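**Q** Let me begin by handing over the structure; questions about it come next.
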Amino acid sequence: MDKKVILSGIQATGNLTLGNYLGALSNWVEMQDEYNCYYMIADLHTLTIRNEPDALRKHTLELIALYIAAGLDPDKNTIFIQSHVPAHTELSWILNCYTYMGELSRMTQFKDKASKHADNINSGLFTYPVLMASDILLYNADLVPVGEDQRQHLELTRDIAQRFNSIYGDTFTVPDAYIAKVGAKIMGLQNPTAKMSKSSQDPMDIILLTDSPEDIRKKFKKAVTDSENCVRYDKENKPGVSNLMGIYGMIKKKTMEEIEEEFSGQGYGAFKTAVAEAVVERLEPIQAKYYSLLEDTEKLKQIYEKGDKKAEERASKMISEVYKKVGLVV
Ligand code: TYM
C-alpha cells in the first residue's frame, strides 16, 4: 500500500527556537519512517518581511543543515527549497482566485504580523496563507504536522481544496493538520502567556536551537514561574511551570503526572535545572552535527538538488492538472 503523504515547512528566517523544534521538527523526525514526507524550506514565505538578501541565502542553507542535524534522513525524505519548484507560485496565483478577501482578513497571524510591521503591510503578507495552501495541495498531502499557530491556515487550506473540488471535481486531497497534544504551543520563558517566537524582542524569552549550554541554563534559571513552589500542571493558573513541564515532558517522554511525581517535594530550583539539562542534552548533538554540516556546502547542495527534483516531478503533474481543469491551454 502507498504510504500517506506529509508536507510541512519552516520559514528560512534564521534563529529557530525550541518552539519550532518541539512543535514541528521533532515530530517530523518521528514520522519519517511511516510516511512519504516532503519537507521544504519556506524561503518565499520569508519575503513577506524585509530580509537582507545574503542573510536569506545563508538561512536557507542553515535550515537544510538543521533539518538533517535534527534527524531527518535525506534518503528517506524529500527535502527541498520552495522557490526551486515554480509550481508553488503558479498554483498560488490560481488559488488566489478561489480565496476570498474576507477569509484572509480573518487570519489571526495576518492581523498579528500586520500590527508588528505596520510600515510594511504588503499584499504578500495578506495572501501568504494561499501560498501555504498551494505548498500543501500541490503534493496531495494527507497530513500536515505543524504547531498550534498554523491551525487556522490549515483550516483555510481545507476550505480552498473543498471549494476547488466542488467546482472542478476531485482534484486535491483535503489535508488534515497534525497538531501534537503536547508541545504544539511552547510559550515564552519570560512571558508564558504568549508563544515562544523567533521575533521576540527579549532574548531571555526564547531558547534558540543554537544557544550555548550556558545560555540555555541561564535562560531556564531566569524563567518566570509563580510563588507556589510546587511542580504542578495548571495551564490556566501556572502558565510558566506548566510550559516548563511541557518542554520537559516532550523531551523525556513523560506525562504531566509522572513529572509531578518526579519533582514532588522539590522546589523550582531543582526542576528548572532538570529542564535545562534535558534541553542541553537534546540540543548538544544536534548542534555538533549542524556545525559540521554547515562546513560541507557541497553536500547540502546535493541534498536539496535531489529533493528539488523529486518535488518538481510531483508538483508539475498537479499544476498541469489544475491548469487543464480551470481551462488554460496546456
Ligand atoms: P514558522 O516558520 O513560523 O514555524 C515553523 C513551525 O514551527 C511551529 N512553531 C511552534 N510550535 C510550537 N510552539 C511554538 N512556540 C512554535 N513556534 C512555531 C509552527 O507552528 C510551524 O509548524 N507558514 C509556516 C511555514 C509553512 C508551512 C507550509 C507549514 C509554509 N508553507 C506548508 C506547513 C505546510 C510558518 O510560517 O511556520
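**Q** I'd like to verify a number: residues in segment 147-187 that are of a type in the set (A, V, I, L, M) and either more than 12 Å from the ligand (Cβ to nearest atom) or more than 30 Å from Ser200 (Cβ to Cβ) (or both), how many? So that I can check it myself, show each step before the final result.
**A** Going residue by residue through segment 147-187, those that are of a type in the set (A, V, I, L, M) are 154, 156, 160-161, 167, 174, 177, 179-180, 182, 184, 186-187.
Retained after the next criterion (residues that are either more than 12 Å from the ligand (Cβ to nearest atom) or more than 30 Å from Ser200 (Cβ to Cβ) (or both)): 160-161, 167, 174.
Of the residues in that region, 4 qualify.
**Q** Could you run through segment 5-28 and say how many residues are of a type in the set (Val, Ile, Thr) and over 29 Å from Asp202 (Cα atoms)? Spell out how you get there, then give the answer.
**A** So in segment 5-28, the residues of a type in the set (Val, Ile, Thr) come out as 5-6, 10, 13, 17.
Add one more test, that the residue is over 29 Å from Asp202 (Cα atoms), and what stays is 5-6.
Final tally of qualifying residues: 2.
Condition check ((1) within 22 Å of Glu305 (Cβ to Cβ); (2) without any contact (Cβ under 8 Å) to a residue 24 or more places away in the chain; (3) surrounded by fewer than 22 Cβ atoms within 10 Å (Cβ to Cβ)) across all residues:
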| residue | (1), (2), (3) |
| --- | --- |
| Gly23 | no, no, no |
| Glu34 | no, no, yes |
| Asp43 | yes, no, yes |
| Leu56 | yes, no, yes |
| Thr99 | no, no, yes |
| Lys116 | no, no, yes |
| Val130 | no, no, no |
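**Q** Oh, and also: Quick one: is Ala114 part of a helix (DSSP H, G or I), modelled with pLDDT of 95 or more and either more than 16 Å from the chain's Cα centre (by Cα) or within 15 Å of the ligand (Cβ to nearest atom) (or both)? Step through it out loud before you land on a result.
**A** Details: part of a helix (DSSP H, G or I): yes; modelled with pLDDT of 95 or more: no; either more than 16 Å from the chain's Cα centre (by Cα) or within 15 Å of the ligand (Cβ to nearest atom) (or both): yes.
No; evaluated as a whole, the condition is false for this residue.
**Q** If you don't mind, another one. How many residues are among the hydroxyl-bearing types (Ser, Thr, Tyr), part of a helix (DSSP H, G or I) and touching a Lys or Arg at 6+ places or on another chain (Cβ under 9 Å) if we restrict to segment 27-75? Quick ask: steps written out before the conclusion?
**A** If we filter segment 27-75 for residues that are among the hydroxyl-bearing types (Ser, Thr, Tyr), which is where we start, we get 35, 38-39, 46, 48, 60, 67.
Right, trim to part of a helix (DSSP H, G or I) and you get 46, 48, 60, 67.
Right, trim to touching a Lys or Arg at 6+ places or on another chain (Cβ under 9 Å) and you get 48.
Within segment 27-75, residues that are among the hydroxyl-bearing types (Ser, Thr, Tyr), part of a helix (DSSP H, G or I) and touching a Lys or Arg at 6+ places or on another chain (Cβ under 9 Å) number 1.
**Q** Let me ask something additional. Which members of segment 76-105 meet the condition of being outside any helix (DSSP H, G or I) and either under 19 Å from the mean Cα position of the chain (by Cα) or closer than 30 Å to Met31 by Cα (or both)? Steps first, please.
**A** Quick first cut of segment 76-105, residues outside any helix (DSSP H, G or I) only: 76-81, 85-86, 97-100.
Scanning segment 76-105 gives Lys76, Asn77, Thr78, Ile79, Phe80, Ile81, Val85, Pro86.
**Q** Exactly one of (1) surrounded by 17 or more Cβ atoms within 10 Å (Cβ to Cβ); (2) in a helix (DSSP H, G or I); (3) β-branched (Val, Ile, Thr) is unmet by Ile167. Its number?
**A** (1) is the only condition that Ile167 fails.
**Q** Of the residues Ile64, Ile68, which is buried (at least 16 other Cβ atoms within 10 Å of the Cβ) and away from the ligand (no atom under 16 Å from the Cβ)?
**A** Working: Ile64 fails: away from the ligand (no atom under 16 Å from the Cβ).
After ruling out the rest, the residue left standing is Ile68.
**Q** When you go through Thr48, Thr17, Thr13 one by one, which is the residue that is of a type outside the set (D, E, K, R), surrounded by fewer than 21 Cβ atoms within 10 Å (Cβ to Cβ) and not assigned by TED's automatic domain parsing to the domain that holds Val279? Lay out the reasoning, then the answer.
**A** Details: Thr48 fails: surrounded by fewer than 21 Cβ atoms within 10 Å (Cβ to Cβ); Thr17 fails: surrounded by fewer than 21 Cβ atoms within 10 Å (Cβ to Cβ).
After ruling out the rest, the residue left standing is Thr13.
**Q** Let me ask you something else. Is it the case, given these coordinates, that Ile179 is surrounded by 16 or more Cβ atoms within 10 Å (Cβ to Cβ), closer than 21 Å to Val322 by Cβ and in contact (Cβ under 8 Å) with a residue 12 or more places away in the chain? Even if it seems obvious, please write down each step before you answer.
**A** Values: surrounded by 16 or more Cβ atoms within 10 Å (Cβ to Cβ): yes; closer than 21 Å to Val322 by Cβ: no; in contact (Cβ under 8 Å) with a residue 12 or more places away in the chain: yes.
Criteria not met by Ile179.
**Q** Taking the conditions exactly as written (modelled with pLDDT of 95 or more and within 16 Å of Thr89 (Cβ to Cβ)), does Val322 satisfy them or not? Walk me through it before giving the result.
**A** Values: modelled with pLDDT of 95 or more: yes; within 16 Å of Thr89 (Cβ to Cβ): yes.
The answer is yes for Val322.
**Q** All but one of (1) assigned to a loop (DSSP other than H, G, I, E, B); (2) surrounded by fewer than 18 Cβ atoms within 10 Å (Cβ to Cβ); (3) near the ligand (Cβ under 8 Å from one of its atoms) hold for Ser197; state the number of the condition that does not hold.
**A** All conditions are met except number (2).
**Q** Now, a different point. Yes or no: Ile49 on the phi < 0 side of the Ramachandran plot, within 8 Å of the ligand (Cβ to nearest atom) and hydrophobic (A, V, I, L, M, F, W, C)?
**A** Numbers: on the phi < 0 side of the Ramachandran plot: yes; within 8 Å of the ligand (Cβ to nearest atom): no; hydrophobic (A, V, I, L, M, F, W, C): yes.
So Ile49 fails the test.
The values are calculated or read from the model by the stated rules, or taken from the named source; none is laboratory data. In this text the structure is predicted, and so the values were computed from the model without any measurement. Every residue, glycine among them, receives a Cβ derived from its backbone with ideal geometry; neighbour counts consider all protein chains shown.
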